[in-house]
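Take a look at the structure set out below.
The values are calculated or read from the model by the stated rules, or taken from the named source; none is laboratory data. Just so we're clear, the structure is a prediction, and the values are computed from it rather than from any experiment. A quick note on method: Cβ atoms are made from the backbone with ideal geometry, for glycine too, and the neighbour counts reach across all protein chains shown. To get the accessible areas, we keep the full protein, side chains included, count just its heavy atoms, and leave off ligands, DNA and RNA. Shrake-Rupley method; radii C 1.70, N 1.55, O 1.52, S 1.80 Å.
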Amino acid sequence: MFFPKKGELWTYKERARFFAVAGSLPLVIFLVLGIFFAAMPIILVSVLGLVGAGMFWISAERKFRNEP
């Protein structure tokens, strides 16, 4: 699920899901740290990054909907 098996090719949708999840993991950590330290700039940057990762995921789902 997270990595292709030997000889398996990923579709664009699967690649986009992987990059969206992999890119959002550090942002979730920053969000938790920002809430813990009550640092508003860290919270804002991490929320904006999570929104961007979500938009990346959704755009790939829509763009490659009829992919084989």
Carbon and sulfur %, accessible surface of the chain computed with the full protein complex present, 1.4 Å: 74
³J(HN,Hα) computed for each position of the range 54-65 - Karplus, 6.51 cos²θ - 1.76 cosθ + 1.60, integer Hz, glycine/proline x: x, 5, 4, 4, 5, 5, 5, 5, 6, 5, 10, 5
Surface accessible to a 1.4 Å probe, LEU31 within the full protein complex, Å²: 40
Partner lysines for LYS63 [C-alpha distance under 21 Å; skip if fewer than 8 residues away on the same chain]: LYS13
So how much accessible area does VAL51 have, in Å² to the nearest 10, using a 1.4 Å probe? 80
What's the magnitude of the charge dipole for the chain around its Cα centre, counting Lys and Arg as +1 and Asp and Glu as -1 at the beta-carbon? Answer in Debye, nearest 20. 220
Figure the gain on full extension for ASN66 and VAL45 (residue separation times 0.36 nm, minus the Cα-Cα span) and round it to one decimal in nm. 4.2 nm
Can you report the principal axis dimensions of the chain using only the alpha carbons, biggest first, rounded to whole angstrom? 46, 26, 10
Once ligands and nucleic acids are excluded and a 1.4 Å probe is used, how much of PHE19 is accessible, expressed in Å² to the nearest 10? 120
Which value in deg cm²/dmol, rounded to the nearest 500, describes the helix-derived mean residue ellipticity at 222 nm for the chain, given -39,500 (n - 2.57) per DSSP H run of n ≥ 4 and division by the residue count? -26000 deg cm²/dmol
Can you give the accessible area per residue of the chain, in Å², using a 1.4 Å probe? 82
